[in-house]
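If you scroll down you'll find the structure; I have some questions about it.
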Amino acid sequence: MPKEVCGPVLRYIIRRLLQMSGVIVVLSLLLFLWLRSLPGGTVSAILGERATPESRARLEKALGLDEPIYLQYFRFVGRALRGEFGASTGVLPGRDAFDIFLTRFPATIELSFLAILIAVVVAIPLGYVAARSRGGWLDNASVVASLIGVAVPVFFLAFLLKYFFAIKWGLLPVSGRQESLGCTRVTGFFVLDGLLTREFDCSWSALRHLILPAFALASIPFAVVFRITRAAVLDVLDEDYVRTAEAKGLTKQVIRGRHVLRNAMLPVVTTIGLQVGALLAGAVLTEKVFAFGGIGEALAIAFQMRDYSVLQVLILMAATVFVVVNLLVDISYAVIDPRVRTR
Amino acid sequence: MMSDAPLLSVEDLTVTFGRRGQEPFRAVDGVSFQVRPGQTVGLVGESGCGKSVTSLAIMGLLPQRGNTVSGRVDFEGTNLLELSTDDMRDRRGRDIAMVFQDPLSSLNPVVPVGVQVTEVLERHRGMTRKAAMPVAADLLRRVGIPDPDRRIKDYPHQMSGGMRQRALIAIALACAPRLLIADEPTTALDVTIQAQILALLKELVEDTGTALIMITHDLGVVAGLCDEVNVLYGGRIVERGARHPLFRDPRHPYTNGLLGSIPRLDAVGERLTPIPGSVADNLPWDHACAFAPRCSQPIERCTQVTPVLEESFGRALRCHNPVEVPR
Ligand SMILES: Nc1ncnc2c1ncn2[C@@H]1O[C@H](COP(=O)(O)OP(=O)(O)OP(=O)(O)O)[C@@H](O)[C@H]1O
Ligand SMILES: [Mg+2]
């Protein structure tokens, strides 16, 4: 990156980081209050409705739920800042909630990341080509494909892929994240771990397990990114500066890259950021179909059992990911668009 | 300095736009004119008369679909309309360059201005970005941008409108083209900046010997700049002449009307007389004079017979009942 881009971008990042921490703090309060306002509660979930008032009171005291809610919140924040989120009460009773997060979350992130990667790598070139051949057969075909992508529920697509590619034709594994190869764990991202420890068969196995769920999940961002790219390219092609570029006799490659795509990427990048929420939700469903062992299953049990610790850590971390991705989006926006960073 | 062989010779240029469910529309209808090396030729007319379409057709920049172009555009003996898209790409920006109306939207907002200058040099001169940068800075200096070594890193939104138009002119002149087409280059600018840009264009084309096609709806712009003026109405040339004779005694009622609607400093108190009506009132050229419904002195023939463009003594006129020359 040239020097005159770096400085302003850095200042921009710091400003956004501050905003971001504010968002997370507010969110943590809302989440805390919301969870405690849900009907039922941890104690009823564990002891059942018929427990005696004495045993309820004892459990409440043990869990610290008898204190005033603001005290509970301050205690939660104080511990969270030290990286402690308390013990699970329902998913794996007694286990540290943060541990549960650490074992579950990488699976979901790995899956979502590959899904968005597939979507972007296919959707952006396709969107460009479709826009350039507006009204042609390729354009029409890909618009229809993207409509199908929007319309078909992700778990249904997951079932279809699993049925054909795993069960019927046996090309790819049916479920799970990896064969049991005795792989060394480093980060919890299995593909990455295999590369780090040079256990390439571990990476390969993890990748094969990822393919079907990732393609199923990719259908969500694919459809959106494709349509936004196509629309953005169509808009940019009508811009005066593209005509200027043509009037300069520039080569097709330069016009495509520097003048059309660079401008068309602005709305696309924003869209990708906004897709992360839908992607995490879709990941929960996809994980279920492929028994993938991400946060999806843990979230479901935690909700049933009103496992506040696990819910708090998982939801806050998911929100953090969402906010961080959108920060990255804004940064790339600032790198692409000088009007943002020099404002 | 002017030789007689034309640099550009447009012959019977016709551009037709197909419109869904309607008659095809001839935006440019048999236009012919010539530009000699170093000459400045004006293309004047109201909005919608086909000025931009004419220039885009010469540049080969009309949309790929939805229109048909016929006639000839001979540039140094080659018919540009018959060139392949790749050959045309080689000539655009090198032999013929263009400056557009709106300097903000005509520059890429996410690319530094310097790069937008160097990319032409890289493309047509085979220079590297590094070698082209000082040349680009020089070009910016020549078009009157102060502190060009710093300005070269600016993005378009960091420049004023006048400066952007100067940058666009620098881009257009980067490869020393033999023909420059300027499509209303000052319309989007303040009046004072307009005058500066026009003076700059005049100076540059005189210095470099570049021929210029000046497209404008403003006869005032033409008056200070052009050797010869073509007046367009409804896609056809209705009058042509050298600047002085044309301004002294306009023969076509439309030209006369245009002259009547320019504010003049020496005519304080005199009322401006705009041409009544609008292009929406046009008759089709096929059986009439398109201008007849708005004309100040129509005769019966005007709505029955299409007038032809008649040339004599360097003047061309398409009118059944021309304005009398005062004796
Ligand atoms: N791509 C197009 N498709 C259909 N019609 C078009 C297209 N481009 C231009 N036209 C029509 O051709 C006619 C001439 O347009 P042109 O842009 O040449 O006008 P102009 O003389 O440059 O006017 P202005 O002063 O407003 O720029 C107009 O009636 C316009 O509607
Ligand atoms: Mg125009």
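The values are calculated or read from the model by the stated rules, or taken from the named source; none is laboratory data. Model, not experiment: these values are computed from the prediction. Here the Cβ positions follow ideal geometry from the backbone for every residue, glycine too, while neighbour counts run over all protein chains shown. Quick note on the areas: whole protein, heavy atoms, side chains included, nothing else; ligands and nucleic acids left out. Shrake-Rupley method; radii C 1.70, N 1.55, O 1.52, S 1.80 Å.
Looking only at the range B:24-65, which residues are within 13 Å of ligand 1 (Cβ to nearest atom) and among the basic types (Lys, Arg)?
Answer for the range B:24-65, where residues must be within 13 Å of ligand 1 (Cβ to nearest atom) and among the basic types (Lys, Arg): B:Arg26, B:Lys51, B:Arg65.
Specify the residue that is farthest from ligand 2 (Cβ to nearest atom); the eligible residues are those in the range B:1-13 that are crowded, with 18+ Cβ neighbours inside 10 Å and of a type outside the set (A, V, I, L, M, F, W, C). Break it down into steps so the answer makes sense when it comes.
Within the range B:1-13, the first condition is being crowded, with 18+ Cβ neighbours inside 10 Å, and the residues that meet it are B:6-10, B:13.
Keeping just the survivors that are of a type outside the set (A, V, I, L, M, F, W, C) gives B:6, B:9.
Details: B:Pro6: 24, B:Ser9: 22 Å.
Restricting to residues being crowded, with 18+ Cβ neighbours inside 10 Å and of a type outside the set (A, V, I, L, M, F, W, C), the top hit is B:Pro6.
Please count how many residues of the range A:302-343 are assigned to a helix (DSSP H, G or I), surrounded by 19 or more Cβ atoms within 10 Å (Cβ to Cβ) and of a type in the set (D, E, K, R).
2
Report, by residue number, each residue of the range B:107-122 that is facing chain A (nearest Cβ under 7 Å) and either over 14 Å from B:Leu139 (Cβ atoms) or not charged (D, E, K, R) (or both). Outline the logic, then answer.
Filtering the range B:107-122 for residues facing chain A (nearest Cβ under 7 Å) gives B:107-111, B:119-120.
Selection gives B:Leu107, B:Asn108, B:Pro109, B:Val110, B:Val111, B:Val120.
Is it the case that the range B:237-248 has a residue that's more than 14 Å from chain A (Cβ to nearest Cβ), among the acidic types (Asp, Glu) and either assigned to a strand (DSSP E or B) or in contact with a Ser or Thr (Cβ under 6 Å, 6 or more places away or on another chain) (or both)? If you could, list the steps in order and put the result at the bottom.
The initial filter retains those residues of the range B:237-248 that are more than 14 Å from chain A (Cβ to nearest Cβ), namely B:237-248.
Adding the requirement that they be among the acidic types (Asp, Glu) leaves B:239.
The next check asks that each one be either assigned to a strand (DSSP E or B) or in contact with a Ser or Thr (Cβ under 6 Å, 6 or more places away or on another chain) (or both); those that pass are B:239.
Yes, the conditions are met somewhere in the range B:237-248.
Pick out, from the range B:141-235, the strands (runs of 3 or more DSSP E) lying fully within it that include 2 or more residues that are open to solvent by less than 50 Å² (accessible area, probe 1.4 Å) and more than 13 Å from every other protein chain (Cβ to nearest Cβ). First the steps, then the outcome.
On the way: elements: B:179-183, B:211-216, B:228-233.
Of the strands (runs of 3 or more DSSP E) lying wholly inside the range B:141-235, those with at least 2 residues that are open to solvent by less than 50 Å² (accessible area, probe 1.4 Å) and more than 13 Å from every other protein chain (Cβ to nearest Cβ) span B:211-216, B:228-233.
Tally the residues that are open to solvent by 50 Å² or more (accessible area, probe 1.4 Å) and not small (Gly, Ala, Ser), restricting the search to the range B:47-70.
Residues in the range B:47-70 being open to solvent by 50 Å² or more (accessible area, probe 1.4 Å) and not small (Gly, Ala, Ser): 5 in total.
Next up: How many residues, within the range B:210-263, are small (Gly, Ala, Ser) and in contact with a Pro (Cβ under 7 Å, 6 or more places away or on another chain)? Before you say what the answer is, go through the steps one by one.
Looking only at the range B:210-263, we keep the residues that are small (Gly, Ala, Ser), and these are B:211, B:220, B:223-224, B:234-235, B:241-242, B:257, B:260-261.
With in contact with a Pro (Cβ under 7 Å, 6 or more places away or on another chain) added as a condition, the list becomes B:211, B:261.
So the count comes out to 2.
Going by what's in this entry, would B:Thr128 be described as more than 9 Å from chain A (Cβ to nearest Cβ), under 30 Å from B:Asp149 (Cβ atoms) and polar (S, T, N, Q)? So that I can check it myself, show each step before the final result.
On the way: more than 9 Å from chain A (Cβ to nearest Cβ): yes; under 30 Å from B:Asp149 (Cβ atoms): yes; polar (S, T, N, Q): yes.
For B:Thr128, the condition - more than 9 Å from chain A (Cβ to nearest Cβ), under 30 Å from B:Asp149 (Cβ atoms) and polar (S, T, N, Q) - is met.
Please tell me if A:Ala232 is under 28 Å from the mean Cα position of the chain (by Cα), among the small types (Gly, Ala, Ser), crowded, with 19+ Cβ neighbours inside 10 Å and over 30 Å from A:Phe290 (Cβ atoms). Steps first, answer last, please.
Working: under 28 Å from the mean Cα position of the chain (by Cα): yes; among the small types (Gly, Ala, Ser): yes; crowded, with 19+ Cβ neighbours inside 10 Å: yes; over 30 Å from A:Phe290 (Cβ atoms): yes.
It is true that A:Ala232 is under 28 Å from the mean Cα position of the chain (by Cα), among the small types (Gly, Ala, Ser), crowded, with 19+ Cβ neighbours inside 10 Å and over 30 Å from A:Phe290 (Cβ atoms).
Take residues that are within 26 Å of A:Leu327 (Cβ to Cβ) and open to solvent by 60 Å² or more (accessible area, probe 1.4 Å) and tell me which of the helices (runs of 4 or more DSSP H) falling wholly in the range A:1-81 contain 3 or more. Explain how you work it out, then say what you get.
Numbers: elements: A:3-37, A:42-47, A:53-63, A:69-81.
Passing ranges, in order: A:3-37.
Working carefully through the options A:Gly135, A:Gly188, A:Gly170, find the one that is in contact with a helix residue (DSSP H, G or I) (Cβ under 7 Å, 6 or more places away or on another chain) and either open to solvent by 30 Å² or more (accessible area, probe 1.4 Å) or not basic (Lys, Arg) (or both). Reasoning before the result, please.
Details: A:Gly135 fails: in contact with a helix residue (DSSP H, G or I) (Cβ under 7 Å, 6 or more places away or on another chain); A:Gly170 fails: in contact with a helix residue (DSSP H, G or I) (Cβ under 7 Å, 6 or more places away or on another chain).
Among A:Gly135, A:Gly188, A:Gly170, only A:Gly188 is in contact with a helix residue (DSSP H, G or I) (Cβ under 7 Å, 6 or more places away or on another chain) and either open to solvent by 30 Å² or more (accessible area, probe 1.4 Å) or not basic (Lys, Arg) (or both).
Applying the selection to the range A:285-301, what residues are in a loop (DSSP other than H, G, I, E, B) and of a type outside the set (A, V, I, L, M, F, W, C)?
We begin by selecting, within the range A:285-301, every residue in a loop (DSSP other than H, G, I, E, B); these are A:290-294.
Across the range A:285-301, the qualifying residues are A:Gly293, A:Gly294.
Looking at A:Gly194, A:Gly182 in this structure, which one is crowded, with 19+ Cβ neighbours inside 10 Å and over 18 Å from A:Val284 (Cα atoms)? It would help to see each step written out before you state the result.
Values: A:Gly182 fails: crowded, with 19+ Cβ neighbours inside 10 Å.
Testing whether each residue is crowded, with 19+ Cβ neighbours inside 10 Å and over 18 Å from A:Val284 (Cα atoms) leaves just A:Gly194.
Another question, then. Can you work out which of the residues in the range B:71-123 that are in a loop (DSSP other than H, G, I, E, B) and among the aliphatic types (A, V, I, L, M) is most open to solvent (accessible area, probe 1.4 Å)?
Step one: filter the range B:71-123 for residues in a loop (DSSP other than H, G, I, E, B), giving B:76-77, B:83-84, B:93-95, B:100-112.
With the extra rule that they be among the aliphatic types (A, V, I, L, M), the set shrinks to B:83, B:104, B:107, B:110-111.
Working: B:Leu83: 45, B:Leu104: 83, B:Leu107: 2, B:Val110: 2, B:Val111: 1 Å².
The selected residue is B:Leu104.
Right, another one. Taking the criterion of being of a type outside the set (A, V, I, L, M), over 17 Å from B:Asp183 (Cβ atoms) and away from ligand 1 (no atom under 14 Å from the Cβ), would at least one residue in the range B:10-23 satisfy it? So that I can check it myself, show each step before the final result.
We begin by selecting, within the range B:10-23, every residue of a type outside the set (A, V, I, L, M); these are B:11-12, B:14, B:16-23.
Adding the requirement that they be over 17 Å from B:Asp183 (Cβ atoms) leaves B:11-12, B:14, B:16-23.
After this cut, where a residue has to be away from ligand 1 (no atom under 14 Å from the Cβ) as well, the list is B:11-12.
Yes, the range B:10-23 contains at least one residue that is of a type outside the set (A, V, I, L, M), over 17 Å from B:Asp183 (Cβ atoms) and away from ligand 1 (no atom under 14 Å from the Cβ).
Here is a further query. Please tell me if A:Ala130 is within 25 Å of A:Leu279 (Cβ to Cβ), buried (at least 16 other Cβ atoms within 10 Å of the Cβ), in contact with an Asp or Glu (Cβ under 6 Å, 6 or more places away or on another chain) and among the aliphatic types (A, V, I, L, M). Before you say what the answer is, go through the steps one by one.
On the way: within 25 Å of A:Leu279 (Cβ to Cβ): yes; buried (at least 16 other Cβ atoms within 10 Å of the Cβ): yes; in contact with an Asp or Glu (Cβ under 6 Å, 6 or more places away or on another chain): yes; among the aliphatic types (A, V, I, L, M): yes.
Criteria met by A:Ala130.
Right, here's the next one. Note down all Cβ pairs under 9 Å where the first residue falls in the range B:52-77 and is of a type in the set (Asp, Glu), the second is assigned to a helix (DSSP H, G or I), and they're at least six residues apart or on different chains.
Taking only residues 6 or more apart or on different chains, the pairs are B:Asp74/B:Leu80.
Does B:Ala137 fit the bill of being away from chain A (no Cβ under 13 Å), surrounded by 15 or more Cβ atoms within 10 Å (Cβ to Cβ) and modelled with pLDDT of 95 or more?
Values: away from chain A (no Cβ under 13 Å): yes; surrounded by 15 or more Cβ atoms within 10 Å (Cβ to Cβ): yes; modelled with pLDDT of 95 or more: yes.
Against the criterion (away from chain A (no Cβ under 13 Å), surrounded by 15 or more Cβ atoms within 10 Å (Cβ to Cβ) and modelled with pLDDT of 95 or more), B:Ala137 qualifies.
I've got another one for you. Looking at the range A:257-276, is at least one residue of a type in the set (D, E, K, R) and within 14 Å of chain B (Cβ to nearest Cβ)?
As a first pass, look at the range A:257-276 and keep what is of a type in the set (D, E, K, R): A:258, A:262.
After this cut, where a residue has to be within 14 Å of chain B (Cβ to nearest Cβ) as well, the list is A:258, A:262.
Checked the range A:257-276: at least one residue is of a type in the set (D, E, K, R) and within 14 Å of chain B (Cβ to nearest Cβ).
Per-residue answers, yes or no, for (1) in contact with a helix residue (DSSP H, G or I) (Cβ under 7 Å, 6 or more places away or on another chain); (2) modelled with pLDDT of 95 or more; (3) more than 16 Å from ligand 2 (Cβ to nearest atom); (4) under 23 Å from B:Glu184 (Cβ atoms):
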residue: B:Arg26; (1), (2), (3), (4): no, no, yes, yes
residue: B:Phe33; (1), (2), (3), (4): no, yes, yes, yes
residue: B:Glu46; (1), (2), (3), (4): yes, no, no, yes
residue: B:Ser55; (1), (2), (3), (4): no, yes, no, yes
residue: B:Met59; (1), (2), (3), (4): yes, yes, no, yes
residue: B:Asn67; (1), (2), (3), (4): no, no, no, yes
residue: B:Asn79; (1), (2), (3), (4): no, yes, yes, no
residue: B:Gln101; (1), (2), (3), (4): no, no, no, yes
residue: B:Leu104; (1), (2), (3), (4): yes, no, yes, yes
